[in-house]
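The values are calculated or read from the model by the stated rules, or taken from the named source; none is laboratory data. Note that this is a predicted model, so its numbers are computed, not measured. Every residue, glycine as well, gets a Cβ built from its backbone with ideal geometry; the counts of neighbours run over all protein chains shown. Heavy atoms of the whole protein, side chains included, go into the accessibility calculation; ligands, DNA and RNA do not. Shrake-Rupley method; radii C 1.70, N 1.55, O 1.52, S 1.80 Å.
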Amino acid sequence: MCPLPPLARNQRRVLAWGLAAWLVGLAACRSPKAEVCPSVQALVMEELRMTDAFRDKIRDPRSMNHAAARLSVLSAKLKSLVLRDPELQRAVLRYGTDLGVLAEAYVRAARTQEHPEQSWSEEDDGHVGPGIPLSLYEREVNQARSTVTHQCSSP
């Protein structure tokens, strides 16, 4: 077998520029989802860690208020994202909105635990109703989260 002759300096330069052009082209072919989904999924993981840690403190009004504040911040982050993919944008907006509603439900539940003798129905704005179990709000968040995850896993 004959050894290949060494590449001339110009040939190496052409190969290097060709490789660079190929890499730029490859990067340009990435979908808008591929660019933003890692940061979106990081926010999803942040929410999951928050809600998992909160499970043991569901009967503590102070913890509920703290969790509500953290969820509100996360909700605002999600709703402020501007994404080029319209389906992903809708999914993230719904997820952020549902997290905000869950945060409101946590505040209402904490208030009810702190003052069980008072009725908060006068303050009900129809958005987060009294007597509605938190599990219903959590289910909505789970569905919205699943939609976001599905959007990020599809091409």
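Tabulated values for the structure
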{"read-out": "Qualifying residue in the range 133-154 (condition: at pLDDT below 95 and assigned to a loop (DSSP other than H, G, I, E, B))", "value": "yes"}
{"read-out": "Single match in ALA67, ALA91, ALA76 (criterion: of a type in the set (Gly, Ala, Ser) and modelled with pLDDT under 95)", "value": "ALA67"}
{"read-out": "Subset of the range 92-113 that is of a type in the set (Gly, Ala, Ser) and open to solvent by 10 Å² or more (accessible area, probe 1.4 Å) - its residue that is nearest to the chain's Cα centre (by Cα)", "value": "GLY100"}
{"read-out": "Residue list for the range 52-64, filter: assigned to a helix (DSSP H, G or I) and surrounded by fewer than 17 Cβ atoms within 10 Å (Cβ to Cβ)", "value": "ASP52, ALA53, ARG55, ASP56, LYS57, ARG62, SER63"}
